[in-house]
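Following: one structure in structure tokens, then a few remarks.
The values are calculated or read from the model by the stated rules, or taken from the named source; none is laboratory data. Every value quoted in this text rests on a predicted model; they were computed, and no experiment measured them. Every residue, glycine as well, gets a Cβ built from its backbone with ideal geometry; the counts of neighbours run over all protein chains shown. We work out accessible area using only protein heavy atoms, side chains counted, and drop any ligands, DNA or RNA first. Shrake-Rupley method; radii C 1.70, N 1.55, O 1.52, S 1.80 Å.
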Amino acid sequence: MRTAVRPDGTLIRAHRRLVFGDLAAITLLDTRSHRSDQVNGDNDSPQNLRTADPSRTILGDAQERRLLDGLASSRARWDVLAQQVPMADLARGASRAVSMDGWSGYEPARRRVLDGAADRGVRNLVSLAGDIHRSVVADLRTDYAAESPTRGVELVTTSITSGGDGEDSDDGDRALKAASPHVRFGNAQRGYLLNRVYRDRWEAEFRVAPSVRSPRGSLRRRAVVTIPDAAPEVDVGQSAP
């Protein structure tokens, strides 16, 4: 953190924007400090009138305006949202239960941002997120109950050690893929995500470890996801589990 954004008591301004020439502009979001409280007891639930309430916000009005203004003025080839929680619906089960902690619990806010990015002519939108202790690649859409246009791609990285060793595909991963056809890749092991950004493509390399219990453990490449320029789609090159 820079000293200019050092917390003043309980007042924290963690969101900011980092620009790397005309290649990438990264907006670091704060989805914790300015949000409306989670609904439905903060339990995984089907979306309802509470999650569809347009008065609720995950960014706060000021930060949301700042984000959209930044997207409007961006000249970058890649506009990146770096944030704490997933933006895509990661539903499970026949009821399509989703987390109330992520953007799925704030549907109108997600629609305002994703439609706002499209209206402002954003060429490539990528969301980088975490918090769910697994790796996921998913389409970013304004409405997952209908076939709304894909506005971007989300790359969710796993935890480094939290959750123990994990496995290539656990019950949660299988349930997620069964209920969420917009999920393009998933893995439940520990590791990290390495991103390489080029003018004509974005490459996301998911590296995982078979075990975090041994100091002699090794990492391996589980998948390389390629996002082409000016097309919100992915090509997933997977290694054997």
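Residues in region 53-106 that are in contact (Cβ under 8 Å) with a residue 40 or more places away in the chain and among the acidic types (Asp, Glu) were compared, and the one that is nearest to residue 201 (Cα to Cα) is 79. So, residue 69, is that one open to solvent by 70 Å² or more (accessible area, probe 1.4 Å) and at positive phi or not? No. For residue 145, the conditions (1) modelled with pLDDT of 95 or more; (2) within 23 Å of residue 89 (Cβ to Cβ); (3) within 19 Å of the chain's Cα centre (by Cα) are fulfilled apart from (1). Restricting region 194-215 to residues that are touching a residue at least 60 places away in the same chain (Cβ under 8 Å) and of a type outside the set (Phe, Trp, Tyr), the residue that is most open to solvent (accessible area, probe 1.4 Å) is 199. Counting the residues of region 141-191 that are closer than 17 Å to residue 110 by Cα and buried (at least 16 other Cβ atoms within 10 Å of the Cβ) gives 11.
Yes/no per residue for (1) of a type in the set (Gly, Ala, Ser); (2) modelled with pLDDT of 95 or more:
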position: 149; (1), (2): no, no
position: 157; (1), (2): no, yes
position: 163; (1), (2): yes, no
position: 166; (1), (2): yes, no
position: 175; (1), (2): yes, yes
position: 178; (1), (2): yes, yes
position: 186; (1), (2): yes, yes
position: 191; (1), (2): yes, yes
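The strands (runs of 3 or more DSSP E) falling completely within region 167-240 that include 1 or more residues that are of a type in the set (Ser, Thr, Tyr) map to 183-197, 220-228. Residue count for region 6-34, restricted to those that are under 17 Å from the mean Cα position of the chain (by Cα) and part of a loop (DSSP other than H, G, I, E, B): 5. Candidates 55, 45, 33: the one that is buried (at least 19 other Cβ atoms within 10 Å of the Cβ) and of a type outside the set (Val, Ile, Thr) is 45. Quick one: what pairs do we get from region 216-241, first residue more than 20 Å from residue 125 (Cβ to Cβ), second among the hydroxyl-bearing types (Ser, Thr, Tyr) and loosely packed, with under 14 Cβ neighbours inside 10 Å, C-beta under 8 Å, 6+ apart or different chains? Listed by first residue and then by second, the contacts come to 217/211; 220/239; 221/239; 222/239; 223/239. Restricting attention to region 222-233, the residues that are aliphatic (A, V, I, L, M) and either open to solvent by 40 Å² or more (accessible area, probe 1.4 Å) or at positive phi (or both) total 1. Can you tell me which residue is nearest to the chain's Cα centre (by Cα) among those in region 90-128 that are surrounded by fewer than 16 Cβ atoms within 10 Å (Cβ to Cβ) and of a type in the set (Lys, Arg)? Top of the filtered list is 123.
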